[in-house]
1. Probe radius 1.4 Å, ligands and nucleic acids ignored: give me the carbon and sulfur share of the accessible area of the chain as a rounded percent.
2. Would you kindly derive the ³J(HN,Hα) couplings of the range 438-444 from the backbone phi angles with the Karplus curve 6.51 cos²θ - 1.76 cosθ + 1.60 (θ = phi - 60°), listing them in order in whole Hz, with x for Gly and Pro?
3. What Kirkwood radius, in Å to one decimal, follows from the Cα pairs of the chain?
4. Please list 3J(HN,Hα) in residue order for the range 248-257, calculated via the Karplus relation 6.51 cos²θ - 1.76 cosθ + 1.60 where θ = phi - 60°; whole Hz, with x for glycine and proline.
5. I'd like the accessible area for residue 310, computed on protein heavy atoms only with a 1.4 Å probe and all protein chains in place. Round to 10 Å², please.
6. Hey, any idea what Rg/Rh is for the range 195-317, computing Rh the Kirkwood way over Cα pairs?
7. With charges only on Cβ, +1 for K and R and -1 for D and E, what is the dipole size of the chain about its Cα centre, in debye, rounded to 20?
8. Using a 1.4 angstrom probe on the protein heavy atoms only, could you order 551, 116, 501 from most to least accessible area?
Amino acid sequence: MADVEQPVVNSTIEIEDMITVGTLAERLSIPVTRLIGELMKNGIMATVNERIDFDTAEIIVEELKLGIGITRRKAEEETTARVKAVASATAASRPPVVAVMGHVDHGKTSLLDAIRSANVVKGEAGGITQHISAYQIIHNDRSITFLDTPGHEAFAAIREHGALLTDIVVIVVAADDGIKPQTIEAIRFARKAGVKIIVAANKIDKEGADVNRLKSQLGEYDLIWDGWKGGDTPVQEVSAKTKQGIPELLDMILLVTDVEDLKADTDIPARGLIIEAHVEQGRGPVAHALVEAGTLKPGDFIVAGSSYAKIRNLETTDGKPLKIATPSMPVAITGFKTLPEFGDEFSYVANEKLARAQTEAAANGKQAKGARGGVGSSELIRMINRNNEVQELNIIIKADVQGSLTSVIDSLKALDTAEVAVRIVSSGIGAVGENDLHLAQTSKAIVYGFNVDIPTSSKQQASRDKVVVRMYKVIYELIDDVKSGLSDLLRPEIKETEVGRLVVRGIFNTTKSAVICGGEVTKGKLVSPALARVLRGKEELGEVEITGLKRGPAEAKEVFEGEMCGLSFSTSHRIDLQDGDHIELFTREAIQRTL
Ligand code: GDP
């Protein structure tokens, strides 16, 4: 039955419009696992570093019945807040950021090259020589930014970093081939990210291209062509080879942009995302970045993860100098002290001192995580929450006849759980061949052969390309193998075991991050170092780390039930310990589960 009772509010904390799960747990003085658990109960899968909005936080905090109320803090200047940017009333229009996705060999690369080359000034030396992370073109006097990172992984990575940087996804489908597994995946990605989809029906120059068939196939995935009644998905016929239809595709992108009304503030401190980083001889670290909001200039200081730069050269991604970079622009930046990482968010800082302080803090954070022996709590939670989405095992199946293929597929589908699932990238009848291995390599899939052969040439290719191929003649052995692969993807179970307990009988020193106290061991034994939680009655005041034990004046490794001892612990937030509080020591381990 729903609990309609209003919780008693004893205290109130202020939080921002958006707050990370970790920070909220800290402010509430509860273990982050408890908060994550409560979020899960409410159907929200959020990791420790993910942000939730105020409304969500309010509901969750109420449900936790901590006697704590929350109020909204007026937004401070917080450059790290990066949910889809909310622009102010005075924000300016910005170009759309477009990602191109689709099945392997359907023409993503060719299309991106065709769009780019149409815009490269004729006679320009070099033309297109190399793959770049993103580029901007001008069409009808308006700019469009293309992420030149074909492949779902890159897109997924960008999305994972919480950066909803893409506004439009162009899904490329070869009109002679129709919808394929990765097309479906692309549709799913785009839907999840909540971005507008435009379909490019590619290869229309080819015999066998059938756009009508494609349109009805798309309908099966709820992408109804806008030429049909009730439809809202634009489908543009193109040929990356002959360039037919490309101007119309660009028109369509601009049309969608107008409807979406994309805006960003230009007069705020710049921020964005690192989309590529490499070292160039003579220039040092070069980072490609996409500006999300604000304006960048040479000479500005920016921080990205544990690296910072005084921007020396600000250029387009193909090397033309820029005086300023505005929202949606992809830029190349030199001047970084160290190489930033793909997916790092960057933000403007006022001066070098701040830049250094921020990067040092970021680096220390990383180090602290790495240095701790065993699995620290934050590390563990990160592990558990590696990814809250369903973990998928990509596989390709080849079988001897349709009947056995169907039963293998059906048995594998039955293995799916809420946490892990088999994703069949491709399946077919016949020997394991070159195309299967090629697809396995690009989609990081395992190839399963059932009652089929693998020619020697494919064996060699597989070993050269490091593709895993497993051949079976007994169906349940194949299923067991996939099952064990899925088990490996399961998040570990976290087991906590109480080691001992102390009742506090005197507080000697308290700072924001450390406490020294004394007390009596009432249960089990105390050890150091160890994880512990501080309890006042039933209320948990926080999770801490025991850093030292003393029996009388002497350091001790262990203290047993009935003994008095001194104890020090470190804490990530101030704990005002009182006599009578309990400190409960426990161990926490990750246990691998099986399906
Ligand atoms: P991706 O794997 O999706 O990036 O596909 P690619 O761009 O590498 O294209 C795969 C193959 O299809 C290449 O051999 C291209 O030359 C060819 N291709 C791409 N677009 C077209 C097109 O519009 N017409 C024809 N005839 N071939 C195309």
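The values are calculated or read from the model by the stated rules, or taken from the named source; none is laboratory data. Here the structure is a predicted model, which means the values were calculated and not measured. We place every Cβ from the backbone using ideal geometry, glycine too, and count neighbours over all the protein chains shown. These area figures cover heavy atoms from the full protein model, side chains too; ligands, DNA and RNA do not enter into them. Shrake-Rupley method; radii C 1.70, N 1.55, O 1.52, S 1.80 Å.
1. Carbon-and-sulfur percentage of accessible area, whole number: 50.
2. 4, 5, 4, 5, 6, 9, 6
3. That comes to 27.7 Å for the chain.
4. Once rounded to whole Hz, the list reads 5, 4, 5, 4, 5, 4, 5, 4, 4, 4.
5. Using a 1.4 Å probe on the heavy atoms, I get roughly 100 Å².
6. Working: Rg = 20.7 Å, Rh = 18.2 Å.
Computed over Cα atoms, the ratio is 1.14.
7. Rounded to the nearest 20 debye, it is 1240 debye.
8. Order by accessible area, largest first: 551, 501, 116.
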